[in-house]
Amino acid sequence: MIRGHPRRVPPPPAAAAAASGVYTRRVRTILRVTPIAAALALVCAACAPRPATPLRSASASQRWFGNQKPAGERIFRFDNQAEPEDQDPGKSSGQPDGRVARIMYEGLCVPDPKTLAPLPGQAYRWDVSADKRTYTFHLRPHLQWSDGTPLTAHDFLWSWRRVLEPATAARYVAIMYPIRNAQAFNQDSTHRMRIEDVGLAAPDDSTFVVTLQHPTSYFLSLTTFYTFLPVPRAVIEKWGDQWTRPEHVISNGPFVLDYWRQNDRFEFHRNPRYWDAAHVRLDRVIAYSVDDLNTGLNLYKSGVFDWLPSGGVSAPFIPYLREYADYRTGDYQATYFYSVNVTQPPLDNVWLRRALEWAVDRDAIAKDLLKGSRRPWGNLTPLGYPGYVHPPGYTYDPAKARACLARAGYPGGKGLPRLSILFNTSEDHRRIAEALQAMWKNVLGIDVELSNQEWGSYLEATTTLHYQIARRSWIGDYLDPMTFLDMWTTDNGNNRTGWHSPAYDALIEAAEAEPDTAKRLAMLSRAEAIVLDQGIIIPIYHYTTNELVKPYVRGLYPNLLDVHNLKDVWIDPDWRTRETPVAEAAPRR
């Protein structure tokens, strides 16, 4: 693992340093000073910008953050942040896992790099039945795996069925439930249902047929998600859990894995057998696993990274980085919240959970602690869904919080056992947890301890409910509020709270089957209201993307889901000499 680099992050101007290193008066009233916060303040205060770097002739006022020399004309390097928990697309559930999967594999459809609309991928076209329940995909001719073996519709059939098999224990299996009988088969404890009863068929090598339980307007977008990617049956059956290792793995996407060192990096080379290899403009992609935000920023500045994705920029540096042309921000379909394990006392008490909700000052966290890089948000679903009306969300109301706490049986916090907050390694996660710790002490008089775990251990703890309150976030898998709401149904692998409600399950099921868009969205709004009322999550903020992209990187477009197909990325060695930015052609499909 890369621990650091001799070139340091440059010091910000005095004003920015003050903004980065000192809490505002409002936050100081609720946050105690900690050694970590003080150390971070010193890092920020130790900064001053270097003279402006050479600029594009078209924009003489622009300056760039750090080294602007690419490693090569056909090499792209980025920080994947945490080490992926699983390199098997069918079992993956985290963003680092998904980035690796999308580099190596391609599904029936791929998302447009700008709009995310589904485009032809391994399927060059598809037909939809009049009742919008049957999709017939026609695969491109002569598709191959990277070892030269043919890839057919039967590979998709086997891969999708594998996800649905209970023995696979796929965490995202519920995303396949719109398929006819998929949920019934996956949850069949009697083992009476056959996999052949699920609405999947491959009548020949080039045709894949999917029959849905009911019309699903976003189904084509689902096929771009990594759970729906094909995986190599022969390799999996031969090597078992070791199939993803570089010496065994094969793939069907634009790149092939040729090196992996845990907690260090993944290296990929261009796949010459990919159907559109002639239009892949990178020879190599290197994904580093650096989860320390300060280290990641140093490495971007020194030129080790060409891209520092959203989530890799520590909030105190954002006011300073906004002055640079390689800083980008935009809307993002993601929310940050804490989930609550409701299976154990005292958090099985809904009034206690509501007390915690009302005692959170989201404005102080998003605007002050995170330097305005996030939007304070008291709801679960994000903005950006036309026609969707959010139910009333939580706000900061100390009086209401104390009243709920008293109704829970703990007036003034008296008699309440110490609670614990779990978060994965990240300086921003720690600072937010410390803020909640101080708020709940200040408003409710309760004591909270903090627990930090590495990504893999943290995922295991949240999945097995070995926590009380845990830092969580959710990034939309497709552009519909359902992606934030169906996860709270009973037995959904992403629920991770222990909460379940037959009434809620029925409401989600009815919304999935409702053909009238307005009625469907109203049902989903009621579902969100239930989640908020039950206090199983504590919303904190609405994400925006905050990333750094070198000026020579092309084809990496901002989008609402922060999903990027590196097939479309290329390095422009002549970026300095262009009078205007290079025109980028639409991706070929």
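The values are calculated or read from the model by the stated rules, or taken from the named source; none is laboratory data. Keep in mind that what you see is a predicted model, and the values were worked out from it rather than measured. Note: ideal-geometry Cβ built from the backbone for every residue, glycine included; neighbour counts use all protein chains shown. Accessible surface is based on the protein model in full, side chains and every heavy atom, while ligands, DNA and RNA are left aside. Shrake-Rupley method; radii C 1.70, N 1.55, O 1.52, S 1.80 Å.
First select every other residue whose beta carbon is under 13 angstrom from the beta carbon of Arg133; then total the charges, Lys and Arg +1, Asp and Glu -1.
Net charge in that neighbourhood comes out at -1.
Hey, what's region 440-589 come to in accessible area per residue, 1.4 Å probe, Å²?
With the other protein chains kept in place, region 440-589 gives 37 Å² per residue.
Find the accessible area per residue for region 337-392; the probe is 1.4 Å, ligands and nucleic acids are left out, and the unit is Å².
32 Å²
At 222 nm, what value in deg cm²/dmol follows for the chain if DSSP H runs of at least 4 each add -39500 (n - 2.57) and the sum is divided by all its residues, to the nearest 500?
-7500 deg cm²/dmol
In debye, nearest 20, what is the charge dipole magnitude of region 266-374 about its Cα centre with +1 on Lys and Arg Cβ and -1 on Asp and Glu Cβ, if you could check? Show your work: numbers first, answer last.
Working: 13 positive and 14 negative charges, 34 e Å.
Here the size comes out at about 160 debye.
Note the direction-averaged projected area, equal to a quarter of the hull surface, for the Cα convex hull of the chain, in nm².
Mean projected area of the Cα convex hull: 26.5 nm².
At a Cα cut-off below 28 Å, give the lysines reachable from Lys519, other chains included and same-chain residues fewer than 8 away excluded.
Lys132
Show me the ranking of peptides 262-273, 123-134 by mean Cβ neighbours inside 10 Å, starting with the highest.
Highest mean packing first, the order is 262-273, 123-134.
Percent of accessible area on the chain owned by carbon and sulfur, 1.4 Å probe?
Solvent-exposed carbon and sulfur of the chain make up 51 percent of the total.
Which of the lysines could a cross-linker span from Lys441 if the Cα-Cα distance has to be under 16 Å and same-chain partners fewer than 8 positions apart are dropped?
Lys400, Lys414
How about Lys69: which lysines have a C-alpha closer than 27 Å to its C-alpha, ignoring those fewer than 8 places off in the same chain?
Filter leaves Lys114, Lys301, Lys550, Lys567.
Could you state the accessible area per residue of region 134-198 in Å², with a 1.4 Å probe and every protein chain left in place?
Accessible surface, normalised per residue, equals 45 Å².
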